[in-house]
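**Q** I have a structure I would like to understand better, so I am pasting it below and will then ask my questions one at a time.
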Amino acid sequence: MNREEYLRRLSYLLQDLPEEEYKDALEYYEDYFEEAGPDREQEVILELGRPERIAAMIRDSVKEKDGEWEYTENGYYNKRYDEHNQMPGQREKKAKEEKEKESWHMKGSRNRNILLLIIILVLASGAVIPAALGLVLGIGGGVLGLAGGIFGIVAAACASCFGLLIGGIAVVVSGIVKMFTVAPTGLLLLGCGCIMTAAGLFLLMLAVWIIGGLLPKLIRWIVGVFRKLFHRGGEGV
């Protein structure tokens, strides 16, 4: 198909249009071919597409007037017709470009999600690590506090038992001596001395039991607690 055949076919397809639109359309496409020149005649025909397509576009532009039409340097243009009348290669190229654009958006969204997850993990670690460290130190402090309390009890018991034993013996001796001068007072002192000595002996037995029986178990338990804490910490690292 050459220029004359193309314009003749287009004129035939537009003959039922109002005269003004008919003349404007034909003049435009005649001028378009003139500006392109004879050397680009086939190129212009390929660019415009079939005469039926151009005629349909012009008819719809006259009937609809819906804002979808644009009068460009290539004549009446409607995106809907442009999409449906693209050559197969053009449609495939456009589909490929849209697919690549969608893939790029998905990749960008995935990268943003990964970055957001990393930020959340970093912020969470800033709160979790101090909390875990505080928990470990709290447990360790509690264990050491318990051990210190027991050691304090043992030390106090030892000091008290020795004090009571020495004081009790002294009071007993004083009571025996006092009985030769003031018998009632001597008996009272003797009784108090015996009570003090008995209390000292009880505390001595308690201290021996704690040191010999309870203290070794407590030490083993404390060592086991710290070993578990540090062992779990090492596994976490």
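The values are calculated or read from the model by the stated rules, or taken from the named source; none is laboratory data. Remember, predicted model here, so these are calculated numbers, not experimental data. Note that we place each Cβ from the backbone using ideal geometry, even for glycine, and neighbour counts take in every protein chain shown.
**Q** For segment 181-192, indicate whether the set of residues that are at pLDDT 80 or above and assigned to a loop (DSSP other than H, G, I, E, B) is non-empty.
**A** yes
**Q** Pick from LEU214, LEU229: which is at pLDDT below 85, surrounded by 15 or more Cβ atoms within 10 Å (Cβ to Cβ), farther than 30 Å from VAL173 by Cα and assigned by TED's automatic domain parsing to the domain that holds VAL154? Working first, answer last.
**A** On the way: LEU214 fails: surrounded by 15 or more Cβ atoms within 10 Å (Cβ to Cβ).
Checking each option against the conditions leaves just LEU229.
**Q** Within the group GLY134, GLY142, GLY138, GLY126, which residue is at pLDDT below 75, farther than 30 Å from TRP221 by Cβ, out of contact with any helix residue (DSSP H, G or I) (no Cβ under 8 Å at 6 or more places or on another chain) and of a type in the set (Gly, Ala, Ser)?
**A** Going through GLY134, GLY142, GLY138, GLY126 in turn, the sole match is GLY126.
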